[in-house]
Amino acid sequence: MNRGTGGGVVATGFSLLFFTFLFGPLIIMVITAFNSSSFPRITPWECFTTEWFGVLFANDRLMSGLANSLVIAVSVVVIAVPIGLAGALALSELGPRLRAALYTVLITPILIPGVVLGISTIIFWGAFGRSVGADYGSIFYSGMFLTLAGQVTFISAYAMLVFLARLQRFDPILTEAALDLGATPGQAFRKILLPFLGPAIGSAAFLTFLASFENYNTTVFTILSGNTFTTALASKVRHGTDPSLSALAVIIIGITLIGAVVHEAHMRRKEVMRTGTTARSRIYGNPVLRTLVHPLTIFVILLGIAGFATYQGTQHDAGVCKQQILDEKRARQQELLEEQRRKMEAQKQNQAPASTAPAEEPVKANPSPFGGAFKSNGLKPGE
Amino acid sequence: MATKDIVLDHVSIRFGAYTAVDNAHLVIKGGEFFSFLGPSGCGKTTLLRCISGFSDPSEGRVLIGGQDMRGIGPNKRPTALIFQNLALFPLMSVADNIAFPLEVRGIGRKERRKRADELLDMIALPGVGDKKVHELSGGQRQRVAIARALAVEPDILLLDEPLSALDLKLRHHMRTELRAIQQRVGLTFIYITHDQGEALTMSDRVAVMNAGVIEQVDPPETIYNRPKTSFVASFVGETNAIEGKVAQQTEALVSVETPFGRLQGRAAGGRQYKAGEDCILFIRPEQLSLEGGTPNTLTANWVKEEFEGNSRQLFLEANGVQLRLTRVNLGGTPDNLSGGTVSLGFTPEQAIVLPHGALAGA
Ligand SMILES: Nc1ncnc2c1ncn2[C@@H]1O[C@H](COP(=O)(O)OP(=O)(O)OP(=O)(O)O)[C@@H](O)[C@H]1O
Ligand SMILES: [Mg+2]
């Protein structure tokens, strides 16, 4: 570190602050998922518990929303990726003027606000349904179908952008060469262009899946009375929250971490393969280590760890601890009551005016689900 | 062995109002090494793409083995094209590249591999089948592209400046190699280049093109020694061009009135000139000598000299005409001519008189 200039201290401090800013909320969220307190918080720490995961999975609305989201996201991938590919191919075949026009048309859905898309999807398909004489039970009034239709309109444009970027690096001479060597146009497409687009198909599928899964603006309209994961989550947050959302965050963070680590392993492996430094590398030169850092091995190991943690979690019983906490609370309540009674008696004895007895006191004695956390002085120690 | 003739029957190719190939009319014989030679942009690639089936002529016909090729796609023609940038498939191994034509014809994996290995042996690259294309050197890629084209078992191999991306030494080596491969497989090679050295060393016959027009079709020696147009004379090899007017013609000898006085040369192709006609007299630098010859003697001022090892180039100037003279280095002491006037000569048989026309690079 540059001790001479003192820059090191500033840089370290800044990085620390930056990472706190970035990860602080996540870390706190993760911790709250394991606190038995029914409001998501770290202090006071009550009991280590895994019950919020149970609460999460018992939430029917959220779970059915999740199922809907998955069905929609998979359908969107299946529909939007081929549409995006077709659009990109059409664009790369056209003359410059038509190309500019078509590009504008295809890209517009991205620029239109999602809210507008959502509403117009409902109106359009509703009008369409009426014009073909379909009733309200028909597909044109089904939230799943409308959401699918609404999302595909703009998510296929995302896919198209991914394909366009990749196609720009394709040398059309290769297709000509394939034709010249006797391939039919179909064979040239399958054997030359598609393999070249392979990585782009992967990223387009990933991107469209995420875009569909996390979409809210459009979906909140098109899903009608139904629920997807995001809309269910949003309404739950609006109606008050409990640590089961933290539990959800833990799961999502876990999945992301596993994905990131496996991806990193894959990239490193590919890099070493590409540069051909396999033999020289200390890790990749050793057969045991090489198998160990293979993305698949890493994935299996991480999955195992996650599975083990889950199993341990289901075995954990916070009952005893919670009982203790409950008893403590009861005892304290009792204490407070006692104290009050003593005060009252003292007051009676002193014949003091009623005004000195604070009206607040009896309320505080009420058992509250938050342990009185929201009272102005509820957390003051030793009261 | 394949002996399909290729006939270009009054072929013209237009892009809108622009004529890229103008009335090409020639026959390429089966088994021939035939080159199209011309400067950049003269329509060579356009013509080649028309023969291989990527476009149809705007006018005229392309016949291969007597069959009109109009409407027949590149995958159905007995031709294989080697592209200017080779167009090897980067995602496939070398063997898969070579076997690609067999794969699309539904031939089994084992048989394909066997055939690919045979072809690799033929191009003297055994054992590289499992490598990726980017692991090969430029010259090796060149040969792989040829092997892949040969896997189609075409009757005609079309090559579009395949050596232009290579360095000089490799280029010279590949010339010999290509010629050897052609003689071994006995196919018709149609070779496109703007490098006259390539065209002259490898070809049985050369067609010289300028601005879409085929100016001359002849064996290399004829092209060099008896050019038919002033473009061919000036494009192929170094030459001195002296413009003038025909004074008189006696049989094959033409007297030309030039800024250097009256000079004599032979009339190209037994042509008859009218007196007073504009013409150009061409004389090669290696045929100019420092001894004044009769009746062609001219004087010029020394400008500069370049030593090239096996020869010495003299640059001279007189009457607004630049002249160039090549002296073969025989190991003697160099003539000290710097700054002075030089008198030159050549025999009438060495010079060639052509009607006035476009010059290359002018
Ligand atoms: N698709 C096209 N549309 C319009 N003009 C074209 C097209 N293809 C070629 N041309 C024109 O035709 C002329 C000949 O092009 P061509 O590619 O045949 O040249 P070339 O002789 O192969 O040159 P080079 O040696 O540089 O490869 C050029 O002037 C070019 O601009
Ligand atoms: Mg070309």
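As for the stretch A:132-147, it holds no residue that is among the small types (Gly, Ala, Ser) and modelled with pLDDT of 85 or more.
So is residue B:331 under 21 Å from residue B:259 (Cα atoms) and out of contact with any strand residue (DSSP E or B) (no Cβ under 8 Å at 6 or more places or on another chain) or not? It is false that residue B:331 is under 21 Å from residue B:259 (Cα atoms) and out of contact with any strand residue (DSSP E or B) (no Cβ under 8 Å at 6 or more places or on another chain).
Where strands (runs of 3 or more DSSP E) fall entirely within the stretch B:229-315, those with at least 2 residues that are under 24 Å from the mean Cα position of the chain (by Cα) are at B:240-250, B:278-283.
Of the residues screened, residue B:103 is not one that is within 26 Å of residue B:181 (Cα to Cα), open to solvent by less than 20 Å² (accessible area, probe 1.4 Å) and among the acidic types (Asp, Glu).
Total residues in the stretch A:14-51 satisfying the condition of being assigned to a helix (DSSP H, G or I), among the polar types (S, T, N, Q) and open to solvent by 70 Å² or more (accessible area, probe 1.4 Å): the figure is 1. Candidates B:5, B:56, B:96, B:22: the one that is over 15 Å from residue B:213 (Cβ atoms), of a type in the set (Asp, Glu) and in contact with a Gly (Cβ under 6 Å, 6 or more places away or on another chain) is B:5.
If only residues of the stretch B:58-91 that are more than 30 Å from residue B:135 (Cβ to Cβ) and open to solvent by less than 10 Å² (accessible area, probe 1.4 Å) are counted, the one that is farthest from the chain's Cα centre (by Cα) is B:69.
Answer yes or no as to whether residue B:141 is within 14 Å of chain A (Cβ to nearest Cβ), open to solvent by 10 Å² or more (accessible area, probe 1.4 Å), away from ligand 2 (no atom under 16 Å from the Cβ) and not in a strand (DSSP E or B). Yes; evaluated as a whole, the condition is true for this residue. Reported count of residues in the stretch B:56-81, each being in a strand (DSSP E or B) and more than 9 Å from every other protein chain (Cβ to nearest Cβ), is 8. Could we say that residue A:3 is open to solvent by 40 Å² or more (accessible area, probe 1.4 Å), within 27 Å of residue A:243 (Cβ to Cβ) and modelled with pLDDT under 90 here? So residue A:3 does not fit the description; no. When residue A:63 is tested against the conditions (1) farther than 30 Å from residue A:246 by Cβ; (2) open to solvent by 30 Å² or more (accessible area, probe 1.4 Å); (3) in a helix (DSSP H, G or I), the lone failure is (1). Here B:53, B:16, B:38 are screened, and the one residue that is near ligand 1 (Cβ under 9 Å from one of its atoms) and within 14 Å of another protein chain (Cβ to nearest Cβ) is B:16. Scanning the stretch B:188-208 for residues that are within 14 Å of chain A (Cβ to nearest Cβ) and either part of a loop (DSSP other than H, G, I, E, B) or within 12 Å of ligand 1 (Cβ to nearest atom) (or both) gives no hits. Of all residues in the stretch A:320-353, those satisfying the criterion of being part of a helix (DSSP H, G or I) and polar (S, T, N, Q) are A:323, A:324, A:333, A:334, A:340, A:347, A:349, A:350.
One residue stands out in the stretch A:188-207 among those that are open to solvent by 40 Å² or more (accessible area, probe 1.4 Å) and under 20 Å from residue A:173 (Cα atoms): the one that is nearest to the other protein chains (Cβ to nearest Cβ), namely A:195.
Scan the stretch B:209-222 for residues that are open to solvent by less than 10 Å² (accessible area, probe 1.4 Å) and within 12 Å of ligand 1 (Cβ to nearest atom) and the total you get is 2.
For the stretch B:156-205, the candidate set comprises residues that are surrounded by 22 or more Cβ atoms within 10 Å (Cβ to Cβ) and of a type in the set (Val, Ile, Thr); within that set, the residue that is nearest to ligand 2 (Cβ to nearest atom) is B:192.
All of (1) part of a loop (DSSP other than H, G, I, E, B); (2) more than 13 Å from chain A (Cβ to nearest Cβ); (3) open to solvent by less than 70 Å² (accessible area, probe 1.4 Å) hold for residue B:126 with one exception: (3). Every condition in (1) away from chain A (no Cβ under 14 Å); (2) more than 23 Å from residue B:195 (Cβ to Cβ); (3) in contact (Cβ under 8 Å) with a residue 24 or more places away in the chain is met by residue B:114 except one, and the failing one is (3). Scanning the stretch B:5-21 for residues that are within 16 Å of ligand 2 (Cβ to nearest atom) and open to solvent by 60 Å² or more (accessible area, probe 1.4 Å) turns up B:15, B:18.
Just checking, how many residues over the stretch B:83-123 are over 24 Å from residue B:191 (Cα atoms) and either within 16 Å of ligand 2 (Cβ to nearest atom) or touching a His at 6+ places or on another chain (Cβ under 9 Å) (or both)? Residues that pass the stated criteria total 1. Among the residues that make up the stretch B:31-49, is at least one of them assigned to a strand (DSSP E or B), more than 16 Å from ligand 2 (Cβ to nearest atom) and surrounded by fewer than 20 Cβ atoms within 10 Å (Cβ to Cβ)? Looking through the stretch B:31-49, none of the residues is assigned to a strand (DSSP E or B), more than 16 Å from ligand 2 (Cβ to nearest atom) and surrounded by fewer than 20 Cβ atoms within 10 Å (Cβ to Cβ). Just to be sure, is residue B:54 closer than 30 Å to residue B:359 by Cα, within 16 Å of ligand 2 (Cβ to nearest atom) and free of Cβ contacts under 8 Å to residues at least 40 places away in the same chain? For residue B:54, the condition - closer than 30 Å to residue B:359 by Cα, within 16 Å of ligand 2 (Cβ to nearest atom) and free of Cβ contacts under 8 Å to residues at least 40 places away in the same chain - is not met. Could we say that residue B:94 is buried (at least 21 other Cβ atoms within 10 Å of the Cβ), more than 25 Å from the chain's Cα centre (by Cα) and either modelled with pLDDT under 85 or more than 14 Å from chain A (Cβ to nearest Cβ) (or both) here? Taking the combined requirement at face value, the residue satisfies it.
Residue A:182 satisfies every condition listed in (1) more than 30 Å from residue A:65 (Cβ to Cβ); (2) out of contact with any Lys or Arg (no Cβ under 8 Å at 6 or more places or on another chain); (3) outside any helix (DSSP H, G or I) except (2). Output yes when any residue across the stretch B:243-254 is among the small types (Gly, Ala, Ser), closer than 11 Å to residue B:351 by Cβ, open to solvent by less than 20 Å² (accessible area, probe 1.4 Å) and in contact (Cβ under 8 Å) with a residue 12 or more places away in the chain, and no when none is. Looking through the stretch B:243-254, none of the residues is among the small types (Gly, Ala, Ser), closer than 11 Å to residue B:351 by Cβ, open to solvent by less than 20 Å² (accessible area, probe 1.4 Å) and in contact (Cβ under 8 Å) with a residue 12 or more places away in the chain.
Scan the stretch B:255-273 for residues that are open to solvent by 30 Å² or more (accessible area, probe 1.4 Å) and more than 19 Å from residue B:322 (Cα to Cα) and the total you get is 5. Just wondering, is there one or more residues in the stretch B:209-228 that are assigned to a helix (DSSP H, G or I) and within 23 Å of residue B:45 (Cα to Cα)? Taking every residue of the stretch B:209-228 in turn, at least one turns out to be assigned to a helix (DSSP H, G or I) and within 23 Å of residue B:45 (Cα to Cα). Residues that are polar (S, T, N, Q) and open to solvent by 50 Å² or more (accessible area, probe 1.4 Å) were ranked within the stretch A:150-187; the one that is nearest to the other protein chains (Cβ to nearest Cβ) is A:184.
The values are calculated or read from the model by the stated rules, or taken from the named source; none is laboratory data. Everything numeric in this text was worked out from a predicted model, so none of it was measured. Heads up, the Cβs are rebuilt from the backbone with ideal geometry, glycines too, and the neighbour counts pull from every protein chain shown. Each accessible area value is taken on the protein alone, full model and side chains, heavy atoms only, with ligands, DNA and RNA left out. Shrake-Rupley method; radii C 1.70, N 1.55, O 1.52, S 1.80 Å.
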